[in-house]
Amino acid sequence: MSVGFRAVQWNRDKLVYDGILLAAVALFIAGFAAIHWQLHPPTKLPDAIDIWIRATGTCAFLMLTVILSIGPLARLDRRFLKLLYNRRHFGVLTFLVALTHFGFLLSWYLVQHNLPNLLTELTTWKDYAKFIDFPFKALGLAALLVLFVMAATSHDFWLLFLTPRIWKALHMALYVAYGLVIMHVALGIMQGEYTVLIPLMLAGGLGSVAVLHLIAGWRERRLDRGIAVSAEGWIAVGPPHAIPDKGARIVAASGAERIAVFRDGDEIGALTNLCAHQNGPLGEGRIIDGCVTCPWHGYQYRLADGCAPPPFTEKLITYRVRINRGIVEVDPQPLRPGTPAAIKCPSNLL
Amino acid sequence: MAIILFYGLALYALCGIVIGIAFVTLGLAQVLPHASVTAPARILWLPGAAILWPYVLMRWRQARAAAKTHRAL
Ligand code: HEM
Ligand code: FES
């Protein structure tokens with residue numbers, strides 16, 4: 001098998017997404033700075049730079065909050081799936097905004113000719129034992145480092161090279177980065193600036209990320225439990241028309257992997273819910289051009305046998321399906337990847 | 001203490017840059033023998049190779065060892 005690697009594979013949708021993203025970030029930073037400028041007109045250059053530090057820092061924080069919310073939002077409501085497709089570019093842009101924040105900070109020291117002070121601040125070890133004067137910039141640096149590693153390894157090559165297990169573990173560090181940023185702000189600017197806006201922003205961000213994860217997890221637990229299993233162990237999915245055309249219903253045997261049961265017109269087939277690329281939730285995707293299309297990065301598989309169309313070689317586990325007294329049922333025993341198992345549904349049931 | 005930390009970090013970064021450049025120019029052919037990689041993609045992978053250089057070095061050596069035994073068979 002031969003693979004070709006390119007830097008970025010843009011298509012029209014992704015270009016539109018990236019364009020909107022860039023415009024939103026530019027608008028936010030400019031708007032934030034303009035309002036700040038009006039409220040507290042800067043008199044010295046360092047004060048003006050400080051405004052840009054705040055604008056870019058706030059922007060990066062909000063972007064992190066959005067990234068961490070997209071996953072559970074898409075699990076709760078399919079309309080948010082569109083946001084999930086290009087999470088990678090969103091992540092890299094977040095790193096760049098945070099890097100700009102750091103760049104402005106460096107220039108803040110540079111224009112006052114006291115860059116060495118920054119080093120002294122970061123290496124005054126006894127301050128790390130304090131709460132009020134904690135070197136909060138070190139927390140920001142740690143978060144920036146995490147974002148850097150993630151942005152640098154976001155290309156598909158790294159998924160292949162590091163293996164999906166390590167890659168996934170590495171990218172879970174985003175939660176660590178978020179925690180570090182919250183402490184960075186709580187121990188930093190929140191200690192000197194007496195405005196409710198900053199604690200409000202922190203609590204709002206952390207609160208919405210936590211609540212969304214809890215609701216999505218709770219909904220899935222309920223979904224997993226409420227499943228009827230027949231005597232021979234087949235799982236009831238529901239009548240054929242209850243499966244959205246060109247979409248899927250996701251079922252799971254107790255404790256077992258999730259199964260995505262798709263319908264394409266009168267064809268019904270069951271595949272593992274895990275995409276062969278990065279374990280994306282296939283059942284949340286749609287059938288596009290006759291192929292099941294993963295919502296995360298668009299890998300495609302034939303419904304009939306779970307194989308990616310040539311020249312690709314990925315194969316998914318399939319499951320046997322049948323129609324029993326008008327109800328679609330799926331056998332939770334996995335078949336070998338690439339085994340044809342889809343069936344035709346009698347038209348009177350649709 | 002601060003000095004040791006500073007030079008330690010600088011040394012790590014320097015190793016990263018040297019090994020990273022070597023890896024994206026020479027090492028990829030051994031790690032991904034059947035892949036064609038464009039020049040922009042190699043540049044895009046450089047920061048990752050530089051920061052993860054100990055892991056990259058380990059995998060590179062493994063790939064070389066595997067290629068050797070393959071040829072011996
Ligand atoms: C992931 C990376 C980072 C994020 C998301 C972030 C986020 C933030 C946020 C949200 C604020 C508060 C802004 C406001 O609402 O007024 C802030 C302030 C600040 N950050 Fe960061 N930060 C990051 C990295 C860094 C780094 C690496 C440094 C320096 C080493 C740094 C230095 C500062 C300073 C000095 C302030 C206070 C600015 C002021 O006094 O007005 N940050 N940051
Ligand atoms: S997880 Fe990337 S395409 Fe499915």
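The values are calculated or read from the model by the stated rules, or taken from the named source; none is laboratory data. Computed from a prediction, not measured in an experiment: that's the story for all the values here. Don't worry about glycine lacking a Cβ; one is built from the backbone with ideal geometry, like all the others, and counts go over all protein chains shown. We work out accessible area using only protein heavy atoms, side chains counted, and drop any ligands, DNA or RNA first. Shrake-Rupley method; radii C 1.70, N 1.55, O 1.52, S 1.80 Å.
Structure summary
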read-out	value
Residue within segment A:316-325 that is farther than 21 Å from A:Leu159 by Cα, of a type in the set (D, E, K, R), touching an Asp or Glu at 6+ places or on another chain (Cβ under 7 Å) and in a loop (DSSP other than H, G, I, E, B) present	yes
Flag for B:Leu28 being open to solvent by 50 Å² or more (accessible area, probe 1.4 Å), more than 8 Å from chain A (Cβ to nearest Cβ) and aliphatic (A, V, I, L, M)	no
Cβ pairs under 7 Å, 6+ apart, first in segment A:274-291 and on the phi > 0 side of the Ramachandran plot, second open to solvent by less than 50 Å² (accessible area, probe 1.4 Å) and away from ligand 1 (no atom under 16 Å from the Cβ)	none
Any strands (runs of 3 or more DSSP E) falling wholly within segment A:240-305 and containing at least 1 residues that are charged (D, E, K, R), away from every other protein chain (no Cβ under 14 Å) and more than 9 Å from ligand 2 (Cβ to nearest atom)	A:247-252, A:258-264, A:267-272, A:286-288, A:300-302
Subset of segment A:47-70 [surrounded by fewer than 21 Cβ atoms within 10 Å (Cβ to Cβ), touching a residue at least 24 places away in the same chain (Cβ under 8 Å) and small (Gly, Ala, Ser)]	A:Ser69
Unique residue being modelled with pLDDT of 95 or more and within 13 Å of chain A (Cβ to nearest Cβ) when the list is B:Ala63, B:Ala50, B:Ala39	B:Ala50
Among the candidates A:Pro311, A:Pro332, residue that is within 14 Å of chain B (Cβ to nearest Cβ) and either more than 14 Å from ligand 2 (Cβ to nearest atom) or among the polar types (S, T, N, Q) (or both)	A:Pro311
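Yes/no matrix, rows are residues, columns are (1) within 16 Å of ligand 1 (Cβ to nearest atom); (2) within 14 Å of chain B (Cβ to nearest Cβ); (3) at pLDDT 80 or above:
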| residue | (1), (2), (3) |
| --- | --- |
| A:Asp127 | yes, yes, yes |
| A:Ile132 | yes, no, no |
| A:Ala142 | yes, yes, yes |
| A:Val149 | yes, yes, yes |
| A:His171 | yes, yes, yes |
| A:Gly204 | yes, no, yes |
| A:Arg222 | no, no, no |
| A:Val229 | no, no, no |
| A:Gly233 | no, no, no |
